[in-house]
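Notes to accompany the following structure.
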Amino acid sequence: MAQYFLHIHNAHGDAEDDEGLQASSLAVARETAIKGIRDLLSAEAVNGGINFAGRIDIADAGGAVLISVPFKEAVSVTGL
């Protein structure tokens with residue numbers, strides 16, 4: 001298991017993950033980030049708006065960003 005840190009960057013500011021996540025792979029950490037993004041966007045939708053300008057950076061224990069997951073990659077918007 002590896003330690004990953006999911007840092008949130010959006011219109012509300014930056015939230016650094018100080019605790020981290022134990023995951024078997026970067027792919028599992030990315031799926032966790034996607035679920036987190038969906039939770040954040042659903043909370044925004046309840047208030048009448050969604051801002052896709054954010055991202056979650058997934059970093060390793062040394063602080064190096066391995067991948068960034070843009071909010072827009074977490075959902076599919078159809079029917080507009």
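Any read-out appearing in this document is the output of simple, stated calculations on the displayed coordinates, not a laboratory observation. Treat the numbers as computed from the prediction; the structure is a model and nothing was measured. Note: ideal-geometry Cβ built from the backbone for every residue, glycine included; neighbour counts use all protein chains shown.
Of interest is the spacing of the C-alpha centroids, which for the range 46-62 and the range 1-37 amounts to 10 Å. Couplings for the range 6-18, taken from phi via the Karplus curve 6.51 cos²θ - 1.76 cosθ + 1.60 with θ = phi - 60°, read 10, 9, 9, 10, 8, 5, 8, x, 10, 10, 7, 7, 8 Hz in order; Gly and Pro are left as x. Both numbers refer to the Cα atoms of the chain; Rg and Dmax are 13.0, 42 Å. Extension gain, Lys72-Glu31: 0.36 nm per intervening residue step, less the Cα-Cα distance, totals 13.4 nm. Calculated mean residue ellipticity at 222 nm for the chain: -9000 deg cm²/dmol, from DSSP H runs with n ≥ 4 weighted as -39500 (n - 2.57), summed, divided by the residue count and rounded to 500. Based on Cα contacts under 8 Å between residues 6+ apart, the chain shows a relative contact order of 33 percent. A simple spin-label model places pseudo-atoms 7 Å from Cα toward Cβ; at Asn51 and Ala15 they are separated by 1.3 nm.
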